[in-house]
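Only the coordinates and a few stated rules stand behind these numbers; no lab work does. Nothing here was measured: the structure is a model prediction, and the numbers come from that model. A quick note on method: Cβ atoms are made from the backbone with ideal geometry, for glycine too, and the neighbour counts reach across all protein chains shown.
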Amino acid sequence: MDRNDFFSRLELLTDIFLKDKLDMEELAKACSDYKQLLIECSEYDITKSSNKDCIHTKYGNAIGPHWAIQCIDDIIRTKMFVKGTYKVVNDLLKKQGNVELMYAGTGPFAALVLPLMSKFSPSDLKIRCLEINPLSCSQLRDFLRITNLEEFVLSIEECDATKHVVPNPDKIDVLLCETMQPALLREFQAPICINLLSQLKEDVIMIPEDIHLSAGLMNADRFEHGNMIGRGGKPYTKSVSSVFHFDKFAIKAVSEQWKENPEKVDFPASEFIIRREDFEEYPFLEVFTKIKVCDDVVIESNQCDITMPVCIEDMRELESFDECQLSFHLSPFSKLRVKFNQDLVEEYA
């Protein structure tokens, strides 16, 4: 495949990702075609077993190239992150001559910024890539060479982004990182963003702008993945309380904790009361994730794989309680801690 053919196909797919109207069938096909295009235009070997190997660190497991590519199949996630990142870069270019973007956790194709290369020139957009997996780094370098896109990329750093010291941090306008699971558990989103953002300039834009965790009760019989209303049109969830917002303000508030001990960071707890009559209809305590990529580009709870509800407790199994407390921690894994009546404590990671 020649470069012109690659670019024309990439631009057609990008146009679908950037549409305001959501057509699930069209989007599913576009994500499938996008993944196939990346594999076709690279030297990626889908049969190589080492592509499935993860990198184990104290903060969790960094996924291998195979799993990074599969993330494209989370179609709402792919669309919204591409669309949101495009919007941020495009808006910045109206105010300044060029944009420098740091992308942490690129995988083998930098799949969330690659579509932008069909819309902007290398003089508009420069990218610094951070990736812990050596196979992904090697594959990304090969892919950029094959597709002649190297001009967009200032550097590809094989590094642990939770420890990375950023050179020339004041030059970075945008920090993009999507290395998460629902409720920010198990993976690297929190420690990466805390480490990098603490080094960047005050007005840097973080993508996603906000990850909101909230507590609610759920009726599992009415739950259906991707159905934000509920099976049969009946609500599957009842909102209880906000837990916390993971945004620039929250990160700034824990920056001193991070500097003192990056293996133990405690975010403020949220306390709330659950009425017993509520969990007769909605018996499961859940944590819900909503992602504000930027401005009005939002991924709702249960709209994609990374915003699936996380079950905390079957409330019917508790004999008695007066109040509940939920909090988010790094110690060093990202985890949720729940307290019932200030004595029963459980952790979820």
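What does DSSP give for segment 45-175 in terms of the percent of beta bridges that are antiparallel, rounded to the nearest 5?
Numbers: 3 of 16 bridges.
Here the share of antiparallel DSSP bridges comes out near 20 percent.
Can you work out ³J(HN,Hα) from phi for every residue in segment 152-166, in order, using Karplus 6.51 cos²θ - 1.76 cosθ + 1.60 and θ = phi - 60°, giving whole Hz and x for Gly and Pro?
Result, ordered by residue: 6, 10, 6, 7, 10, 9, 7, 7, 8, 5, 6, 10, 4, 9, 7 Hz.
Using unit Cβ charges (K, R positive; D, E negative) and no other charged atoms, how large, in debye to the nearest 20, is the dipole of segment 1-155 about its Cα centre? Don't skip to the answer; put the middle values down first.
Details: 20 positive and 22 negative charges, 106 e Å.
Using Cβ point charges on Lys, Arg, Asp and Glu, segment 1-155 gives about 500 debye.
So if I take the centroid of the Cα atoms in segment 173-203 and the same for segment 16-84, what is the distance between those two points in Å?
Distance between centres, Cα-based: 19 Å.
Which cross-chain or sequence-distant (5 or more) residues have an amide H under 5 Å from the amide H of Ile205, H modelled 1.01 Å from N in plane?
Hits under the 5 Å cutoff: Val174, Leu175.
Could you tell me what percent of the DSSP beta bridges with both partners in the chain are antiparallel, to the nearest 5? It would help to have the intermediate numbers written out before the result.
Numbers: 44 of 62 bridges.
Counting only bridges with both partners in the chain, antiparallel ones make up about 70 percent.
In deg cm²/dmol and to the nearest 500, what is the mean residue ellipticity at 222 nm of the chain if only DSSP H runs of at least 4 residues count, each as -39500 (n - 2.57), divided by the residue total? Let's see the in-between values first.
On the way: 9 runs with 96 residues, N = 349.
Roughly -8000 deg cm²/dmol at 222 nm, from the helical runs in the chain.
Beta carbons within 10 angstrom, averaged per residue: use that to sort the peptides 19-29, 140-150, highest first.
Details: 19-29: 10.9, 140-150: 17.0.
Output ranking for 19-29, 140-150: 140-150, 19-29.
I'd like the orientation of helix 134-146 relative to the chain: the angle between its Cα long axis and the longest Cα principal axis, in ° from 0 to 90, rounded to 10.
So the helix axis and the longest Cα principal axis differ by about 40 degrees.
Using only the Cα atoms of segment 203-301, what semi-axes does the equivalent ellipsoid have when each is the square root of 5 times a gyration tensor eigenvalue? Give whole Å, largest first. Don't skip to the end; give the middle numbers.
On the way: eigenvalues 185, 68, 17 Å².
The answer is 30, 18, 9 Å, longest axis first.
Mind checking the dipole of the chain: about its Cα centre, +1 per Lys or Arg Cβ, -1 per Asp or Glu Cβ, Debye to the nearest 20? Mind showing how you got there, number by number?
On the way: 40 positive and 59 negative charges, 124 e Å.
Around 600 debye, computed over the chain.
Which value, in debye to the nearest 20, gives the size of the charge dipole of segment 143-227 about its Cα centre, when Lys and Arg are +1 and Asp and Glu are -1 at the Cβ?
Numbers: 6 positive and 15 negative charges, 41 e Å.
The calculated dipole for segment 143-227 is roughly 200 debye.
How large is log10 I(q)/I(0) at q = 0.13, 0.14 Å⁻¹ when the Debye formula is applied to the Cα atoms of the chain, each weighted equally and without solvent?
Treating every Cα as an identical point scatterer, log10 I(q)/I(0) equals -1.03, -1.17.
If you line up the Cα atoms of segment 90-163 on their principal axes, what length do they span on each, largest first, in Å?
36, 30, 17
At what distance in nm do the modelled label points of Met228 and Gln325 sit from each other, each positioned 7 Å from its Cα along Cα→Cβ?
3.3
Hand me the trypsin sites (Lys or Arg not before Pro) from segment 168-215 located in a DSSP loop with no more than 12 other Cβ atoms within 10 Å, in residue order please. Before the final figure, lay out each step's value.
On the way: sites: Lys171, Arg186, Lys201; in loops: Arg186, Lys201.
Here the sparse-neighbourhood loop sites are Lys201.
Provide the packing ranking of 287-299, 244-256, i.e. peptides ordered by the mean count of other C-beta atoms within 10 Å per residue, highest first. Don't jump to the answer; show the numbers that get you there.
Working: 287-299: 20.5, 244-256: 16.1.
Most protected by this proxy first, the peptides run 287-299, 244-256.
Could you sort the peptides 108-120, 258-270, 325-337 by per-residue average Cβ neighbour count (10 Å cutoff), highest mean leading? Present the calculation step by step, with values, prior to reporting the outcome.
Working: 108-120: 22.9, 258-270: 14.8, 325-337: 19.3.
In descending order of packing, they fall as 108-120, 325-337, 258-270.
Across segment 54-96, how many lysine pairs separated by 8 or more positions, or lying on different chains, have Cα atoms within less than 20 Å?
On the way: Lys79/Lys87; Lys83/Lys94; Lys83/Lys95; Lys87/Lys95.
Summing the qualifying lysine pairs gives 4.
Kindly state, as a whole number, the per residue volume in cubic angstrom of the convex hull around the alpha carbon atoms of segment 1-142.
On the way: hull volume 16.9 nm³, N = 142.
Hull volume over Cα atoms, normalised by residue count, gives 119 Å³.
Going through segment 37-115, which GluC sites (Glu not before Pro) have at most 12 other Cβ atoms within 10 Å and a DSSP loop state?
Numbers: sites: Glu40, Glu43, Glu100; in loops: Glu43.
Filter output for segment 37-115: Glu43.
Amide H neighbours of Cys159 under 5 Å, at least 5 residues apart or on other chains, H built in the peptide plane: list them.
Glu131, Ile132
Can you compute the FRET efficiency between Arg276 and Glu151 using 1/(1 + (r/R0)^6), with r the Cβ-Cβ distance and R0 = 56 Å? Round to the nearest 0.05. Let's see the in-between values first.
On the way: r = 62 Å, r/R0 = 1.11.
It comes out at approximately 0.35.
Give the residue from Ser214, Pro108, Gln303 lying farthest towards the positive end of the charge dipole for the chain; charges sit on Cβ (+1 for Lys and Arg, -1 for Asp and Glu) and the dipole is referred to the Cα centre.
In the chain, that residue is Pro108.
Convex hull over the Cα atoms of segment 10-86, averaged projected area in nm²?
Working: hull surface 24.6 nm².
Quarter of the Cα hull surface area: 6.2 nm².
Please list, or write none, the lysines whose alpha carbon is within less than 19 Å of the alpha carbon of Lys238, excluding same-chain residues fewer than 8 places away.
Lys290
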